[in-house]
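Student: Mind having a look at this structure? Questions to follow.
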Amino acid sequence: MTSPNICKWGILATGGIAVNFVEDLLLDSSKRNASDVQHVVAAIASSSSLEKADDFKAKTGCPSSTKTYSSYEDMVKDKDVDIVYIATPHVYHYENTLLCLENGKGVLCEKPFTINAAQLKHLITEARKRNLFLSEAMWTRHIPAVREVQRLIHEEKVLGRITRVFSDLSVPFALDPKHRIYNPELGGGALLDVGIYALTWQLLTLYQHPENARAHPEFTSTFTKSPLTGVDDSTVVIGNYPRLGAQGIATTSLHAKTSSVYSVLIQGEKGDIRVPPMPMNPERFFLDLKGQESKEIEISMNGSNGMGFEADAAARCLRDGKKETELCTLEGDSLVVMKIMDEVRQKGDFRYPEKWEATRPGV
Ligand SMILES: NC(=O)C1=CN([C@@H]2O[C@H](COP(=O)(O)OP(=O)(O)OC[C@H]3O[C@@H](n4cnc5c(N)ncnc54)[C@H](OP(=O)(O)O)[C@@H]3O)[C@@H](O)[C@H]2O)C=CC1
Ligand SMILES: O=C1OC[C@@H](O)[C@H](O)[C@H]1O
């Protein structure tokens, strides 16, 4: 048996989700059927202090060999780092990614990739120019249960013709204007933070349906601005897919909570598939075929938070010299999502502060 390929990660930012990501990196990858790759947390950087990076290292149980840095700029120069995972608030993704690329590092950047499509196009150009790996950490696209739902409806066609897909992620956050979810200076708002998952499910099921052949749907949307800070606090995106004769209704809210019955409901002529919450990383779903008992299908992640699958995909790309993952391509997937979110924000007459919408001068 050949030894696993080792992927050496740098962790840029030490907030909430970075903990979950690092926990998954430290799990035995064979539990995810990924014995061909192995992850090492080579370095952790905090922009706040070295102490914060050290605390993060201790809290997540990283080995003593993991280096810590008190600046992102120093970490990206570390020769022991192959790829950087970026977990800062949304408005920083563009500059943080450029910093990594300019220092020769591949990047897996948290969602939403950037604030707008123009910024993402620039990142794609820079990554290609430098022949570096680049991907959005849209983990949902890599989750085994999500892939199984896609296989069932697209390949096995268990529901026959698909007619409608409802998808929702709604999280009632406390009304705090400083929290990144409500703060326009951090790229807050329901659509970019949580609505992106509801939209992704619509694209995974309808846009990526083989009979749609990635034809761009026509979108109708509503965008409600929070009286607190002006970011959207509830948004609906309806996609019309004429090639399928189907519609997708993606919803998000910072007030309501996703129904406990389903976060995704895929309706077809032969029945429904129902994915209970949460939609980001489901381990089970229900197949409700007409005239039959409901069947629960469980696809366990064996104790993983669900973020290891995107890390495995990135590690395989680095090993194989690929510059993007197959399940979350730059132009075919991430850029499509960014363009739709731009369109929805434009219709809702909402822009982030101009300095966060900007691309570098001359781009
Ligand atoms: N995939 C998923 O399920 C999830 C993804 N996310 C995504 O991950 C990213 C980070 O979210 P989350 O971890 O919840 O955010 P947190 O607020 O918990 O952490 C963000 C980190 O970014 C760094 N940072 C740098 N500049 C700032 C600043 N001006 N204000 C605040 N933080 C700053 C800080 O780390 P330091 O001090 O170390 O530099 C901070 O701890 C977002 O893109 C979000 O959408 C979030 C939750 C779940
Ligand atoms: O990605 C996310 O998923 C879970 C949410 O609670 C969080 O705000 C968001 O960033």
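The values are calculated or read from the model by the stated rules, or taken from the named source; none is laboratory data. Nothing here was measured: the structure is a model prediction, and the numbers come from that model. Heads up: the accessible areas ignore ligands, DNA and RNA and are worked out on the full protein's heavy atoms, side chains in. Shrake-Rupley method; radii C 1.70, N 1.55, O 1.52, S 1.80 Å.
Student: Heavy-atom accessible area per residue, the chain, 1.4 Å probe: how many Å²?
Tutor: Accessible area per residue, the chain: 41 Å².
Student: Report, to the nearest 10°, how far helix 16-25 tilts away from the longest principal axis of the Cα atoms in the chain, using its own Cα long axis and a range of 0 to 90°.
Tutor: For helix 16-25, the angle is close to 80 degrees.
Student: As an exercise, find the ratio Rg/Rh for the chain from alpha-carbon atoms, using the Kirkwood inverse-distance average for Rh.
Tutor: Across the chain, the Cα-based Rg/Rh ratio is 0.96.
Student: Just give me a number: lysine pairs in the stretch 251-361, eight or more positions apart or cross-chain, with C-alpha atoms less than 25 Å apart. Can you show the working numbers first?
Tutor: Values: LYS257/LYS347; LYS270/LYS290; LYS270/LYS295; LYS322/LYS339; LYS323/LYS339; LYS339/LYS347; LYS339/LYS355; LYS347/LYS355.
Final tally of qualifying lysine pairs is 8.
Student: Ignoring ligands, DNA and RNA, what percent of the 1.4 Å accessible area of the chain is carbon and sulfur? Mind showing how you got there, number by number?
Tutor: Numbers: 7460 of 15030 Å².
Roughly 50 percent, rounded to a whole number.
Student: Output the Kirkwood hydrodynamic radius of the stretch 144-298, Cα pairs only, in Å rounded to one decimal. Mind dumping the intermediate values first?
Tutor: Values: mean 1/r = 0.0626 Å⁻¹.
Kirkwood radius, the stretch 144-298: 16.0 Å.
Student: Checking a compactness column here: for the stretch 35-125, what do you get for Rg(Cα) / (2.2 N^0.38 Å), N being the number of residues?
Tutor: Numbers: Rg = 13.7 Å, N = 91, 2.2 N^0.38 = 12.2 Å.
Against the empirical 2.2 N^0.38 Å value, I get 1.12 for the stretch 35-125.
Student: If you take every DSSP beta bridge fully contained in the chain, what fraction is antiparallel? Give it as a percent rounded to 5. Before the final figure, lay out the partial values.
Tutor: On the way: 34 of 64 bridges.
Antiparallel: roughly 55 percent of the beta bridges in the chain.
Student: Between the helical axis of 308-320 and the dominant principal axis of the chain, each derived from Cα atoms, what acute angle in degrees is found, rounded to the nearest 10?
Tutor: Roughly 60 degrees between the two axes.
Student: Same structure again: Grab the stretch 1-81 and count how many Lys pairs have their alpha-carbon atoms under 26 Å apart, sequence gap of 8 or more, or different chains.
Tutor: 20
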